[in-house]
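In what follows, a structure is listed as structure tokens, so that the remarks can point back to it.
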Amino acid sequence: MNQIEPTYDKQYKCIKCQQVFTSKRVRSRFIKVDGYDSDFLPRYSAGSSNPLLYYIQTCPFCGFSYSEDFVSLFPPGTEVKIQTEVCDRWAERSYSGLRTAEEAISTYKLAIYCAILKQEKRITIAGLNMRLAWLYRLEANEEQEQRFLKLAIDNYLASYTNEDFRGSKISEIRVLYLIAELARRTNQNELAIQYFSKVLEQQKRSTEPKIIEMAREQWQTMRMKEKI
């Protein structure tokens with residue numbers, strides 16, 4: 001009897017060049033989570049596969065890299081820019097097999113660059129930066145983790161200001177919480193307290209009590225440290 005592998009090949013059609021390729025996905029039965037960090041990084045059990053490694057699809061033909069949060073339409077001028085900056089410079093290679101952390105990090109950096117060129121929503125770019133910071137955390141690379149957490153904050157702030165998170169999977173209260181928590185993790189304490197307070201202001205109308213509870217705990221801890 002054949003043993004079932006943790007990953008399988010999923011077929012994709014590149015939204016840039018329309019070529020068909022495969023990329024690995026992790027079977028749900030092989031994903032076991034022990035818990036979550038305060039910014040929602042899943043901590044996977046020993047022996048569990050990490051789906052974060054396969055969050056990005058990278059077309060082996062043109063190099064365009066994207067997640068399922070990307071929209072399929074290209075704003076005017078962006079396709080030409082991506083062709084020039086990414087596709088024309090692409091040395092054909094594949095990320096379609098099993099990925100190391102280093103290879104996954106490369107796909108995220110490509111996807112962030114493509115997202116910026118394509119003018120994707122700030123909420124999408126923020127999520128890419130945060131997930132890349134998570135990968136660096138798992139690799140114990142604090143310098144790079146801090147770098148990409150700060151970029152995530154900038155994009156979450158822009159998303160909150162222009163409200164481009166609306167219609168996405170992420171609620172307003174989660175955006176506020178992530179700004180606060182990532183600010184706390186990057187020692188931007190004033191910003192963190194300001195946005196934890198914004199979360200708590202919404203507690204009566206929120207449908208996400210766990211986030212309210214997490215924000216309250218962090219806010220109280222930070223306020224106490226300020227008084228010491």
For this session: Give, in nm to one decimal, the length gained when the segment between K10 and E213 is fully stretched (0.36 nm per residue of separation minus the Cα-Cα distance).
Result: 69.3 nm
For this session: Determine Rg/Rh for segment 6-120; Rg is computed over alpha-carbon atoms and Rh is the Kirkwood hydrodynamic estimate from the same atoms.
Result: 1.00
Exercise. Under a Cβ-Cβ limit of 4.7 Å, which cysteines in the chain have nobody to pair with?
Worked result: C114
Problem set entry | Rounded if a/c under 1.5, otherwise prolate or oblate - segment 82-188, Cα gyration tensor axes | oblate
Exercise. Which percent of the accessible heavy-atom area of the chain goes to carbon and sulfur, probe 1.4 angstrom?
Worked result: 48
For this session: Report the relative contact order of the chain, percent, no decimals, based on alpha-carbon pairs under 8 angstrom and at least 6 residues apart.
Result: 13
Exercise. Suppose R0 equals 25 Å; then what is the FRET efficiency for Y113 and A158 from their Cβ-Cβ distance, rounded to the nearest 0.05?
Worked result: 0.90
For this session: Please report, in cubic angstrom per residue, the volume enclosed by the convex hull of the alpha-carbon atoms of the chain.
Result: 148
Seminar exercise, completed: Checking segment 130-228 for GluC sites (Glu not before Pro) in a loop per DSSP with at most 15 other beta-carbon atoms within 10 Å yields E139, E163
Exercise. Any idea of the accessible area per residue across segment 26-185, 1.4 Å probe, to the nearest Å²?
Worked result: 47
For this session: Taking a cut-off of 13 Å between Cα atoms, list the aspartates and glutamates near K169, but don't count ones fewer than 8 places away on the same chain.
Result: E68, D69
Exercise. Once every DSSP H run of n ≥ 4 in the chain is given -39500 (n - 2.57) and the sum is divided by its residues, what mean residue ellipticity at 222 nm do you get, rounded to the nearest 500 deg cm²/dmol?
Worked result: -16000 deg cm²/dmol
Exercise. Where does each of 119-129, 23-33 land if you order them by average Cβ count within 10 Å, highest first?
Worked result: 119-129, 23-33
For this session: Would you mind working out the magnitude of the charge dipole of the chain relative to its Cα centre, with +1 at each Lys and Arg C-beta and -1 at each Asp and Glu C-beta, to the nearest 20 Debye?
Result: 420
For this session: Give the relative contact order (percent, whole number) for segment 61-115; include only Cα pairs under 8 Å separated by 6+ residues.
Result: 61
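The values are calculated or read from the model by the stated rules, or taken from the named source; none is laboratory data. This is a predicted model, so every value here is computed, not measured. Using ideal geometry, Cβ is built from the backbone for each residue, glycine included, and neighbour counts are taken over all protein chains shown. Keep in mind that these areas ignore ligands, DNA and RNA; they rest on the heavy atoms of the full protein, side chains included. Shrake-Rupley method; radii C 1.70, N 1.55, O 1.52, S 1.80 Å.
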